[in-house]
1. Here's a check for you: in the range 14-46, which residue that is modelled with pLDDT under 75 and not in a loop (DSSP other than H, G, I, E, B) is nearest to the chain's Cα centre (by Cα)?
2. Cβ-Cβ under 8 Å, sequence separation 6+ or interchain: first residue in the range 55-68 and under 21 Å from Ala82 (Cβ atoms) and part of a strand (DSSP E or B), partner modelled with pLDDT of 90 or more and among the acidic types (Asp, Glu). Which pairs?
3. Could you run through the range 81-102 and say how many residues are free of Cβ contacts under 8 Å to residues at least 40 places away in the same chain and loosely packed, with under 15 Cβ neighbours inside 10 Å?
4. Determine whether the range 59-67 contains at least one residue that is closer than 20 Å to Ala99 by Cα, surrounded by 11 or more Cβ atoms within 10 Å (Cβ to Cβ) and at pLDDT 90 or above.
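The values are calculated or read from the model by the stated rules, or taken from the named source; none is laboratory data. Remember, predicted model here, so these are calculated numbers, not experimental data. Counting neighbours? That spans all protein chains shown, and the Cβs are built from the backbone with ideal geometry, glycine included.
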Amino acid sequence: TLPELNRTGKMLHALFSHYRSGSMQSGLRMHDLCAIAWLVRPDLFTLKPCFVAVETQGEFTSGTTVVDIDGCLGKPANVKVALDLDVKGFQQWVAEVLALAS
C-alpha cells in the first residue's frame, strides 16, 4: 500500500485521503495519471476509433463532448477513445513508479 512504500507513498496517501474525505475504499479518479500512463504504457488501454465532436449549437448542451461509439452518425472516426484499462497493470505501474521516487 502507499504508506508502506516510502516518503513519497506516505505523502500521496495523505493527499489522496484528503481528497477522498479520509476514505480510500471508494477509489480515486486519476485523470492526469491516466494521461501520463497512456504516453508511457499504451498497452494498458483498449482503444476504439470513434467520431468525436463538441456541441456548439445546443441551447442546453453547448460545450458537451459527443462521442459516437456505435457509429450511429455515419461520420468517419477522428480520434481513438480509451474504453477500458487494465486496472491491475495500471496499479502495478503506479506502484513501481512511486517506488522509484524515494
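1. Here the residue is His31.
2. Going by the 8 Å Cβ cut-off, the qualifying pairs are Thr65/Glu55; Val66/Glu55.
3. Final tally of qualifying residues: 8.
4. Taking every residue of the range 59-67 in turn, none turns out to be closer than 20 Å to Ala99 by Cα, surrounded by 11 or more Cβ atoms within 10 Å (Cβ to Cβ) and at pLDDT 90 or above.
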